[in-house]
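Trainee: The structure under discussion is supplied below as structure tokens; questions concerning it will follow.
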Ligand code: DQQ
């Protein structure tokens with residue numbers, strides 16, 4: 001019976017999607033090469049996996065409205081993480097443990113086991129005692145149609161952890177044991193709890209992998225844990241940690257004791273729109289990281305989720321990134337190389353000297369484009385470089401690289417009459433001879449990567465097609481750009 005109920009709920013949602021998807025497709029604000037829903041709301045990436053020859057992305061989804069509510073898992077497959085085929089929804093609320101309208105099937109992960117695809121998710125319900133979050137399982141033979149495990153939930157909140165702050169299981173297998181890291185809160189401090197299991201159905205608490213001492217907030221959402229070389233990386237999105245939306249810790253992990261000794265910390269992205277990242281392994285061994293390009297109302301600089309709900313959708317993923325580790329244990333986050341396959345219309349210059357006079361550049365159609373600069377810091381004597389992006393009709397987004405103070409900022413206060421805020425970060429310029437800048441612009445987003453992909457700003461802006469100019473100028477001297485390259489980027493949304 002319960003299997004049928006989920007199926008009915010999926011079919012109902014599917015009809016809704018089919019009836020509205022052409023409106024979204026014809027919308028003016030929809031993305032062109034970033035992953036987004038066919039209709040409705042999308043937030044966290046879930047269950048990312050390469051399974052039976054395809055990339056599978058699942059996502060937190062409300063198929064009914066461009067606002068959060070009643071969480072389903074959407075599902076799509078791809079060969080390149082850019083062109084997607086949407087599949088039937090994978091999970092819909094249907095059970096006593098996941099059927100609250102302000103709950104549903106919350107975030108989680110995927111694992112292949114015995115040729116089947118297993119999803120581990122958080123069921124969120126409210127039986128009158130407040131929200132209760134428990135960890136649950138669903139599985140599929142074909143990777144398309146899922147069935148919830150009849151003995152769900154497989155894990156409930158331990159003593160001392162509020163039942164509404166225990167969620168987002170990330171599972172993996174090491175040797176003959178399964179492990180799971182779960183986000184939690186204890187005594188108002190965020191925690192990543194580590195569990196282990198011999199069969200994925202019976203779990204025992206192993207250790208607290210890491211916890212906030214106050215600096216990283218009161219609750220950790222969407223933790224992830226994976227090896228890189230001989231180190232381990234823990235990432236999470238802290239609630240109540242100011243402007244820090246996605247944090248990474250690098251350290252040593254011991255499977256005997258379950259102890260993680262972290263000695264490097266960093267920020268994945270400084271922008272307003274980068275949250276709940278989850279990683280997975282591509283078949284060629286790359287560690288790929290995908291996040292939700294938006295944020296929550298409790299964030300200090302949050303304004304709202306943007307105007308796209310008017311076109312029947314809300315939410316996209318940031319461009320998938322490859323994670324690499326530097327010699328000092330810090331991490332780099334590079335847009336996936338697959339982006340090169342959708343490039344067109346290359347423009348390049350081997351040397352470009354930027355003065356205080358504003359110069360216009362060209363990049364694709366000025367809306368969907370990629371820009372790469374390599375700044376020669378030794379020949380540059382200016383204090384600052386300004387890149388004026390998506391400019392036109394009196395609007396613009398300004399990216400300022402302040403060499404003197406080693407600071408970077410992205411100002412979207414004049415971007416579109418809707419967005420606001422200035423995202424800021426430091427740059428690591430000491431002893432550097434050059435500075436790289438890489439920009440990806442899509443219809444409603446700007447992602448700016450600098451400092452060897454260690455200093456990144458992802459911001460949504462809702463700029464119209466007439467905002468297609470790109471300008472550059474220096475302040476207090478000249479900036480020498482050793483290499484300038486730009487491309488248009490082709491349409492990928494089906
Ligand atoms: N979004 C999900 C939760 C998660 C939060 C609910 C993070 O599972 O903690 O949609 O954005």
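Taken together, the values in this text are just the output of simple stated rules run on the coordinates, not laboratory data. All figures in this text were calculated on a predicted structure; none of them were measured in a lab. We place every Cβ from the backbone using ideal geometry, glycine too, and count neighbours over all the protein chains shown.
Trainee: How would you classify segment 122-200 from its alpha-carbon gyration tensor, with a ≥ b ≥ c the square roots of the eigenvalues: rounded for a/c under 1.5, else prolate if a/b is greater than b/c, otherwise oblate?
Mentor: Oblate is the answer for segment 122-200, as a/c is 1.5 or above yet b/c matches or exceeds a/b.
Trainee: Jot down the radius of gyration and Dmax of segment 1-157, Cα atoms only, both in angstrom.
Mentor: Spelled out, the Cα radius of gyration and Dmax of segment 1-157 are 15.1, 45 Å.
Trainee: Using just the helices of the chain, give the 222 nm mean residue ellipticity in deg cm²/dmol: DSSP H runs with n ≥ 4 each add -39,500 (n - 2.57), and the total is spread over all residues, rounded to 500.
Mentor: The helix-only estimate for the chain comes to -1500 deg cm²/dmol at 222 nm.
Trainee: Distance in nm between label sites at residue 4 and residue 85, each 7 Å beyond Cα in the beta-carbon direction?
Mentor: 3.1 nm
Trainee: Dividing the convex hull volume of the Cα atoms of the chain by its residue count, what figure in Å³ per residue is obtained?
Mentor: Hull volume normalised by residue count: 138 Å³.
Trainee: In degrees, nearest 10, range 0 to 90: what is the angle between the Cα axis of helix 2-25 and the longest Cα principal axis of the chain?
Mentor: So the helix axis and the longest Cα principal axis differ by about 20 degrees.
Trainee: Can you tell me the order of 421-430, 319-328 when each peptide is scored by its average per-residue count of other Cβ atoms within 10 angstrom, highest first?
Mentor: Ranking the peptides 421-430, 319-328 by packing returns 319-328, 421-430.
Trainee: Quote to one decimal, in nm, the extra length available between residue 337 and residue 378 on full extension: 0.36 nm per residue of separation minus the C-alpha distance between them.
Mentor: Extra length from residue 337 to residue 378 when fully extended: 11.9 nm.
Trainee: Convert 25 °C to kelvin, take the viscosity as 0.890 mPa s, use the Kirkwood radius over C-alpha pairs of segment 240-399 as Rh, and evaluate the Stokes-Einstein diffusion coefficient in µm²/s, rounded to a whole number.
Mentor: Answer from the Stokes-Einstein relation: 126 µm²/s.
Trainee: Along each principal axis of its Cα atoms, how long is segment 240-304 end to end? Whole angstroms, biggest number first, please.
Mentor: 44, 29, 16
Trainee: How would you classify segment 422-491 from its alpha-carbon gyration tensor, with a ≥ b ≥ c the square roots of the eigenvalues: rounded for a/c under 1.5, else prolate if a/b is greater than b/c, otherwise oblate?
Mentor: Note, shape of segment 422-491 comes out prolate.
Trainee: Which value, to two decimals, describes the C-alpha radius of gyration of segment 332-488 once divided by 2.2 N^0.38 Å? Don't skip to the end; give the middle numbers.
Mentor: Working: Rg = 14.4 Å, N = 157, 2.2 N^0.38 = 15.0 Å.
The value comes to 0.96.
Trainee: For segment 76-225, take the convex hull of the Cα atoms, compute a quarter of its surface area, and give me that in nm², please. Spell out each step's value before the answer.
Mentor: Values: hull surface 41.0 nm².
The number I arrive at for segment 76-225 is 10.2 nm².
Trainee: Turning to a different aspect of this structure: If I model a spin label at residue 147 and residue 208 as a point 7 Å from the Cα along the Cα→Cβ vector, what separation in nanometres do I get?
Mentor: 4.0 nm
Trainee: When a/c reaches 1.5 or more, the comparison of a/b and b/c decides; with that in mind, is segment 6-49 rounded, prolate or oblate per its Cα gyration tensor?
Mentor: Numbers: a/c = 2.94, a/b = 1.18, b/c = 2.49.
Oblate.
Trainee: Still on this structure, please answer the following. Need one number for segment 167-268: average projected area of the convex hull over its C-alpha atoms, nm².
Mentor: 6.3 nm²
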